[in-house]
Structure formats: structure tokens, C-alpha cells
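Participant: Below are the C-alpha cells for one structure; questions will follow.
The values are calculated or read from the model by the stated rules, or taken from the named source; none is laboratory data. Keep in mind it's a predicted model, so treat the numbers as computed, not measured. Please note: Cβ atoms are built from the backbone with ideal geometry, for glycine as well, and neighbour counts cover all protein chains shown.
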């Protein structure tokens, strides 16, 4: 795990995620900020146009999440990720970029980014990704997430406390029952909920953890002793 304390623990009801936006185009920064301000759980604390400004703002503002474009003029976005995650405080870096190459995604994961979304993402997907990386999860393309988690274990959700920050109480209950081998229907009956509700919870769990196979979700739940 990266050094320094992890993201500050908050309940979902009191979540206050401080975000720094790093992009060399002012109009893009302003557009992203307006999208994020729709979510009461997210607070935009600053903006930066290049690597030096980003590092200064991280040290001055202590954001929980840095939303980073990889193309910053003459600055190397991958190198900036390495410098950001080395800063005290355990800031989570979420890449938002127009680059859709798997090699670039792997480079970002290797550098320490916790997530990678393209500028094709919807506003809701972007906000969800911020919440996920804040909670300790990883957000990468579904088809490559499992390979990335295996190759770069530093981005994998770890620790009992992280698991409890990442998932809601109901999501932990659903996942615990899945780990016990219950089907969606059985889980719904045990929780007095509809099958559709259980499936919605499982979709949220998969999005937050970056784990999509049922058996691997069960293993993750067992490893983190969810109840």
C-alpha cells in the first residue's frame, strides 16, 4: 500500500470528498467542476493547469482525490501520477483523459493511479468513479480490471477498514450472503428485498471494487470478513 494515511473515513450520509481538478484547458476544468458540484458529496477545492501547480495545490489543499488529465502541455502525466501518490496524505489519483489505449491505462495503473476514465464517460459515471476511488476502490475498464488488479496489487482495495468505507451496510450484507453461496433469489428472501434490488446492490459492489466475477467477489468478502 502507498505510504501515509488513507482517505479520511466518513459515513455515506456525511461524505465530503475534496477534489482537485488538473487539466491544462480552463474551459474543461470549469465544465468538469460544474458537473461535480451537482453531487453534494463532492467538493471541488481547487484547479491546476500543470504539474507544478498540481503539486502546490495538493500540498496546500490536501484533496482526497486528484482528477488528472494526462495531457498537460509539456508535462508528463504518468510521471506526475508517481509524484502525486508519493505525497504525504495518500491522495487518490483518478485519470480522466481522451486517450483510450490499454498501454496508457496500464502505465497509469503502474504509476499508482486508482482509476482511469475516458472523456466519453457520462457525468454520473465520473461522479461514481470519484466516490469509488475515494473509498479505496479501483475504476478501470471492466475487460481489463482483473488483469490490472493482479499485475498492480497496489491499486486493489485492501484492509477491513477500507472495505467498510467502500461499501454501504446493505451492500456488505448482500456480499456476505453471496460469499456464503446464496443465490440472488435466496439473498433477496433473507433480506426481505426484491431480486432486482439485490442485483442493483451487486452492480454497485462490482463498480466500487472493480471485481466482476461472483467467485472473486465472494473471495474478496471472505478476505475482508464482511458481515
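Participant: Which residue, of 118, 144, 162, is surrounded by 14 or more Cβ atoms within 10 Å (Cβ to Cβ) and modelled with pLDDT of 85 or more? Full working, then the answer.
Facilitator: Details: 144 fails: modelled with pLDDT of 85 or more; 162 fails: modelled with pLDDT of 85 or more.
Exactly one of 118, 144, 162 is surrounded by 14 or more Cβ atoms within 10 Å (Cβ to Cβ) and modelled with pLDDT of 85 or more, namely 118.
Participant: Inspect the stretch 63-73 for any residue being in contact (Cβ under 8 Å) with a residue 40 or more places away in the chain, assigned by TED's automatic domain parsing to the domain that holds residue 126 and surrounded by fewer than 16 Cβ atoms within 10 Å (Cβ to Cβ) and give the result as yes or no.
Facilitator: Yes, there is a match, as at least one residue in the stretch 63-73 is in contact (Cβ under 8 Å) with a residue 40 or more places away in the chain, assigned by TED's automatic domain parsing to the domain that holds residue 126 and surrounded by fewer than 16 Cβ atoms within 10 Å (Cβ to Cβ).
Participant: Let me ask something else. Given the options 190, 217, 177, 202, name the one that is touching a residue at least 40 places away in the same chain (Cβ under 8 Å) and touching a helix residue (DSSP H, G or I) at 6+ places or on another chain (Cβ under 8 Å).
Facilitator: Exactly one residue qualifies, and that residue is 217.
Participant: Determine, yes or no, whether residue 121 is assigned by TED's automatic domain parsing to the domain that holds residue 23, on the phi < 0 side of the Ramachandran plot and in contact (Cβ under 8 Å) with a residue 24 or more places away in the chain. Write out each step before concluding.
Facilitator: Values: assigned by TED's automatic domain parsing to the domain that holds residue 23: yes; on the phi < 0 side of the Ramachandran plot: yes; in contact (Cβ under 8 Å) with a residue 24 or more places away in the chain: yes.
In short, yes.
Participant: Which residue out of 86, 108 is more than 27 Å from residue 169 (Cα to Cα), at pLDDT 90 or above and crowded, with 23+ Cβ neighbours inside 10 Å?
Facilitator: On inspection, the qualifying residue turns out to be 108.
Participant: Scan 95, 35 and give me the residue that is more than 16 Å from the chain's Cα centre (by Cα), at pLDDT 90 or above, in the same structural domain as residue 126 (by TED's automatic domain parsing) and closer than 15 Å to residue 119 by Cβ.
Facilitator: It is 35.
Participant: Then there is this: Of the residues 113, 138, which is over 19 Å from residue 43 (Cα atoms), modelled with pLDDT under 85, in contact with a helix residue (DSSP H, G or I) (Cβ under 8 Å, 6 or more places away or on another chain) and crowded, with 21+ Cβ neighbours inside 10 Å?
Facilitator: 138
Participant: Please tell me if residue 96 is farther than 17 Å from residue 139 by Cα and in contact (Cβ under 8 Å) with a residue 60 or more places away in the chain.
Facilitator: It is false that residue 96 is farther than 17 Å from residue 139 by Cα and in contact (Cβ under 8 Å) with a residue 60 or more places away in the chain.
Participant: Determine, yes or no, whether residue 54 is modelled with pLDDT of 95 or more and either on the phi > 0 side of the Ramachandran plot or surrounded by fewer than 19 Cβ atoms within 10 Å (Cβ to Cβ) (or both).
Facilitator: Taking the combined requirement at face value, the residue does not satisfy it.
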